[in-house]
Each structure stands twice: as C-alpha cells, then as structure tokens.
1. Out of the residues in region B:94-104 that are part of a loop (DSSP other than H, G, I, E, B) and crowded, with 22+ Cβ neighbours inside 10 Å, which is nearest to the other protein chains (Cβ to nearest Cβ)?
2. When region B:242-264 is examined, which residues are found to be surrounded by fewer than 22 Cβ atoms within 10 Å (Cβ to Cβ) and either free of Cβ contacts under 8 Å to residues at least 12 places away in the same chain or of a type in the set (Ser, Thr, Tyr) (or both)?
3. Of all residues in region A:181-214, which are within 14 Å of chain B (Cβ to nearest Cβ) and more than 21 Å from A:Leu233 (Cα to Cα)?
4. Quick check, is B:Phe299 more than 8 Å from chain A (Cβ to nearest Cβ), closer than 30 Å to B:Arg28 by Cβ, at pLDDT 95 or above and open to solvent by less than 10 Å² (accessible area, probe 1.4 Å)?
5. Within region A:249-283, restricting attention to residues that are more than 18 Å from A:Asn221 (Cβ to Cβ) and acidic (Asp, Glu), which residue is farthest from the chain's Cα centre (by Cα)?
6. Return the residues of region B:166-200 that are within 15 Å of A:Tyr331 (Cβ to Cβ), in contact (Cβ under 8 Å) with a residue 12 or more places away in the chain and in contact with a helix residue (DSSP H, G or I) (Cβ under 8 Å, 6 or more places away or on another chain); say none if nothing qualifies.
7. From the list A:Ala75, A:Ala47, A:Ala102, A:Ala113, which one is farther than 20 Å from B:Leu99 by Cα and among the small types (Gly, Ala, Ser)?
8. Looking only at region A:43-52, count how many residues are assigned to a loop (DSSP other than H, G, I, E, B) and more than 7 Å from chain B (Cβ to nearest Cβ).
There are 2 protein chains.
Amino acid sequence: MRLVEVEHVIALVRQRGLARILVELADRIEEDYLRWGEFDKSPRYAAHSPHGVIELMPIADCERFGCKYVNGHPANQAKGLQTVIGFGVLADVGTGYPLMIAEMTLMTALRTAAMSALAARHLARPGARTMAIIGLGAQSEFQAVAFEALLGISELRVFDVDPAATAKFLVNMRDSGLHIVATDTAGEAVEGVDIVTTVTADKRSATVLSDNMIGSGIHINAVGGDCPGKTELQAAILDRARVFVEFEPQTRIEGEIQQMSADFPVTELWQVIAGEAPGRQHADDITLFDSVGFAIEDFSALSYLFDATTDAALHREIDLLVRPADPRDLYGMLQRQLEPEPAIAA
Amino acid sequence: MRLVEVEHVIALVRQRGLARILVELADRIEEDYLRWGEFDKSPRYAAHSPHGVIELMPIADCERFGCKYVNGHPANQAKGLQTVIGFGVLADVGTGYPLMIAEMTLMTALRTAAMSALAARHLARPGARTMAIIGLGAQSEFQAVAFEALLGISELRVFDVDPAATAKFLVNMRDSGLHIVATDTAGEAVEGVDIVTTVTADKRSATVLSDNMIGSGIHINAVGGDCPGKTELQAAILDRARVFVEFEPQTRIEGEIQQMSADFPVTELWQVIAGEAPGRQHADDITLFDSVGFAIEDFSALSYLFDATTDAALHREIDLLVRPADPRDLYGMLQRQLEPEPAIAA
C-alpha cells in the first residue's frame, strides 16, 4: 500500500511544474463531473467541538472509493498551525482494500484552484484577462497560477485587509510574469476586472463584496464562504447573478446561498459542463460560482495523485494490511511472527 | 505524525504478550463505556457495491477523534485476501490534527475478543469455566485467549462446518494450556457449557444455534451476526434470553435482533457496566450479548495503541502534515522546496 507524503507531492510539482498539474487536475475534475451520475454522493460527516470541526468527505464510483479527512480550526493560526489540514484515502471498491493514503493539504489548495479555474472557463466571458483577488491567504497564489494557466489571465488586482498578507503574495508572485496591482480597498481591486475571486478566511458572515462594486458581465468565483455562518457576498449580488453550485444540497447549507430562501434558483455546474443547462447566456450576465468544495474534487485529486505517483521516488510503501498465507489464519500469522527476533551478530 | 504498521502491532504483542494486551484493552473499553455520555456517537457510513461494503466508523470525545475504515468483501477469501481489513486514524480534537494512522485488522480482532470477554465478565454466571466456540475462522483464537485471560475459561468445545478450520484452530491452540474438544456438530459443542460464542462468517441468515440447544443459565456471545441480513441464532432463543447490546440504534439494524420487532426489549451494556441497569439476575437466566462492533471499541483500541506505541521501535514517523513557517504561506513553502535538489558529489 502506498503512502504519498508532503515531500512526494512537492517532488511531483518539481517534476511536472505547478501550472501543468493544475491543468491536468482541472481536466480530471472535468472528466469526473461529466460522469456525475456514476458517483455515490453523500453529505460530509462533521464532528463539531468548541475548537473547530473535523470532517470526512467520502465518495465512490464503481471502481474507486475516496475519502478526505479535513479539519477547520480557526485558532490554529495563532498557534503556528494550519487552520485547515487534510489527508485522504483511496481504496479499491472491488476488494475494499485501501490503495493509498496521501497528504491533502497542498492537494486541496491545488484542486480548489483547479476547480475555480475550470468553473470560470465555463462561466466567465470569453477573452477574460483581468482578475481581482480579495483575500491573500494560503490559497490565493494557487488561484492566481490556475487562472493564468487555464484562462490566460494576465493581470491581477489584489487586496487583503492585512498588509503582511499582501506583501507575502507579492513576494511569492514576483517571478510569475503576471502584472499585479495591489490596492487599498476591495472596491478598487474589482474596478474594471473580468473576474473576481473572493477567498478570505474570516469565519463569519462578512461583506467582502457589496452590490455596488459589481458591474455587469463579471464572473465571481466565491471560494471563501464555505461553511455554515461564513459568507462573503452581500445578498443583493446573488439576486442579480446567475448562481452555479457544485452539489446543491451541500451548498444550501455551506455556501453564499445560505443567505437566500430555500427556493432561490441555482444550477449545478456539472449540468453546464455536460451541456445539459446553460452557463453564461449574455455578455452582461453576472455569473457566480458559489464554491464550497465537493467530495468529487477530492476524489479526482486522489485519483490523479494515485496515477501520478507510481514511480518509487514519488511514494513510500507502507505495511498497513495483514497478509496471512490463509486469510482465516490471522492468529497463526501473528504467532509465527512472534518468534523472538534473531539477535544481530556482533 | 505516527504510523503504526502491522509489524509494530506484532512487536507490541511480542513485548507485552497477547493475554496482557487483551486484558488492558478490555479495561480501556470498560473505562470508555463508563463515560458513554461523553462520546459524540453517530451511525457508521457505508458505501455498498456489488462486491461488498466500505465503512467509516467515526466517534469523538472532547479530546480525541477516532475513525476506523473497514471493509466487508466476502469474495476476497477466494482471492487469498482478507474478507475484512481495516485501518484507523486518531486525531486531536483541539487542533484537528491527526496524531496517528494505524493498522486495524489485527487490532479489530483483539478489540472484538476483549469486548466479548468484557461483556461476559458482566453477564455470564460467576465461576464459568467452559465455553463452546461455533465458527473457527480468523477471530476464533483471539476469542479463546481473551476468555481464558479475562474469565479463567479452561475448557473449550469447538465446532466448524469446515474440518480445515477446526484443524487450523487446534494447531494454533496446541500450546494454549486450554483443554479443547472438537465436536462433530454444533449441538454437541454446546452441551453443558457455561458460555457459547458464535463467530461464523457466513453472510446470510443462518441458524447456527437452535432453541433446543440452549439450556438455562447459559451466556451467549453472538459475534458473527453483525450486518443486515446476517444472523446466527434462531429467533426463539432471543425470546427466552435477556438481550444486551452495544448501541441500540445500530444493533436494531445489524444484530441478531433484526429478526425481532422494533420494540423487542434490549439493554445497552454500558448501563450494566455503570450499574444503571441489571445484568444477569438469576443463575438460570439466558443472557445474550448481541455484538455487532461499535465505534467506541475502535476508539478505545486506537487510543490504547497510541498510548502504547510512543517507543520509536513501535511506530514510524511520517510526513503527512505541511509545516510552513507562516501558516498562510503554503505557496511560499512549496516554492522554497522546489529549488533543484543539490546534486550528489561524485
């Protein structure tokens, strides 16, 4: 059985390059979205505590089972820990045997960015070249690279309430080739752009974008509002926008649309990808991808990672699965291995 | 973060001895059952396919979160694979960080046997010395060792429909010190015993024990009937017995009592352990532990294993969790590690 650690994901990025991986991941997610009906989907499991939440996101098709473990602990940042950390398991549906355990913190940032850019490829105006990013935390640079790689975004206007986050972003992106303007307000950042990405970390209902900031024709990629009680957009924006979601039952609880009535109209993105529902219909439509992160995206990421890490340098073999000669003889296997270990010759 | 592999569990058994581990595990389960109300319990998640089932069993108290991944694939045996294989994760509720990933196939056999013996310690007649085991598969020897260690069982009467399974059991137990009689029928096996353990693997409604075989005063440890459509006992036995379960909502679906009406009376075992409900009331009561395996037992096992494997020889350190210097600078961490690896000097 395979263990894919942080160092192995980094080695894969070194081997293929970040942009190529984001493109390949988006392609894999798109393929999986096209066979939406083949997945056994269920809401995530969540264990809440006063400190945060631990979630399990299981999903399966007829060949593979995937599950991501992920937490959300806002107070971690003050302790020097990640607010969100994750790992995943991929298993063989035919035998029930796990195939791989893999880091899913980096991979979640990658799949989220790939998913955002994939949605924008289907929803933003053709020829979009400028994007605003509001919120310059852990995910922001991955979003920038994905939109450059998948859509050809060449200019960014960026804003964060914390100047240190802005400084970090600018340093990280200095060799990106993107033209980047840091602004003093969110309103300045969104002026005249084709796409707005909101990816703030604040765990409450905030108004990162207000209605007057959003001109016609914009595509909004709303990434940060992703759990109950956490939203980024003024409700009036949603009223003007055509709203696209991953999996409606989940987004009703976790997304921006938790602010709206239960019958507020939304379209599941897979229908647009499959040509079963229209995406953007007019150049001046406001399109909104109300992204919360769905288990299929993690499945795609785990599945991609499994296929990409067969090389011995890209994983470690681990011994989590007993292999008795006779499946019914677990005890005999144990007994035989209990014989004292041979002493090492001096 | 810690990985506890098969070899590490075997090393732990070598270090402490199987009987001691079973006693310690039973004590840990008993402690956890005594604080039943502190656990955030939920039904298991199950992904069914034509080949079998993949399950997740999450549970948490205010300090630790545990989850077991376990499958059930009857056709695996013919492929030389385990029908049931498992691994688990233990995490820190305060930070949401996983602490340990561990093998849980051997550990499940151990915790099931410890749980069975613990229940019998509370329900069987005092002074019980003889036990029948019906079904001599992968779990049978662990049951035998646990009942010897925890109850002082000294005589076994054993039966399996497959003579090869019986032969395997007798070989494995030859140095156990137990007096063992293999019988030609299940009826012969249960004659005159104090305790009957049924632990067959057949995935259907079978009648391993019929009513006429069960005399008064017996304690029945029914382990094998543990999923929908899989039972071992004739319903008439349940009518005569006082039935004890782990977690009633789960056992109604998975246990022997799936044969009975929804209002068939049962007692949750933790109430007996806590002194809140009577266990055995008369020497001639038939007591029945309708065991299906509950998440607390896996939590106890994972928690025990975590505490027992701090020694470097009993685990492997793995690198599943990113550690950027600044939690928000995931991208910078990745970029810095992408620098070309230094060439090895010739």
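The values are calculated or read from the model by the stated rules, or taken from the named source; none is laboratory data. No experiment lies behind these values; they were computed from the predicted model shown. No Cβ is skipped: glycine too gets one built from the backbone with ideal geometry, and neighbour counts run over all protein chains shown. Ligands, DNA and RNA are excluded from the accessible area calculation, which covers all protein heavy atoms including side chains. Shrake-Rupley method; radii C 1.70, N 1.55, O 1.52, S 1.80 Å.
1. B:Gly96
2. Answer for region B:242-264, where residues must be surrounded by fewer than 22 Cβ atoms within 10 Å (Cβ to Cβ) and either free of Cβ contacts under 8 Å to residues at least 12 places away in the same chain or of a type in the set (Ser, Thr, Tyr) (or both): B:Arg252, B:Ser261, B:Ala262, B:Asp263.
3. none
4. yes
5. Result: A:Asp263.
6. Listed by number, the residues that qualify are B:Lys168, B:Phe169, B:Asn172, B:Met173, B:Ser176, B:Leu178, B:Ile180, B:Thr197, B:Val199.
7. The conditions single out A:Ala113.
8. Final tally of qualifying residues: 3.
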